[in-house]
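Nothing in this text is a laboratory measurement; each read-out follows from the coordinates by a stated rule. Computed from a prediction, not measured in an experiment: that's the story for all the values here. Cβ placement follows ideal geometry from the backbone for every residue including glycine, while neighbour counts extend to all protein chains displayed.
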């Protein structure tokens, strides 16, 4: 379970950091970077709870993620850090009328099936075979 670092929100009320609960102290604190429009564009680790990346020890590690956004600010593609420090493609999201309906991943094409409230209830492969519920 993650607790929100609520006193560490920036002036725009964006959440720049999370820290693990008491049961998960071995998990590093996670920090986020935002672009000028307020869209999250990167994830890395931090060493202190601060909204200022120059003070919180933000580093790009093997767990770094970079986000490529579409014009509306939705995450279109996620890149992750590969061995050697190069960024590699992780997955690309598929939207229809502003709703996330699927993703291309390294294992193939997957579709998200939503209930009437918009909650994902199942994930299928390209042929409709249920992969997750």
Residue order, fewest to most surrounding Cβ atoms within 10 angstrom, among 97, 55, 65: 97, 55, 65
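Hey, fewest Cβ within 10 Å first, where do 68, 30, 94, 46 land in order? Intermediate results must be reported in sequence, preceding the final value.
Details: 68 13, 30 19, 94 16, 46 23.
Listing 68, 30, 94, 46 from fewest to most nearby Cβ atoms yields 68, 94, 30, 46.
How much length is gained if the chain between residue 120 and residue 39 is pulled fully straight, taking 0.36 nm per residue apart and subtracting their Cα-Cα distance, in nm to one decimal?
Net length gain for the segment: 26.9 nm.
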At a 10 Å Cβ-Cβ cut-off, how would you order 76, 99, 43, fewest neighbours first? 99, 76, 43
Residue 90 to residue 72: extension gain in nm, 0.36 nm per residue of separation minus the Cα-Cα distance? 4.4 nm
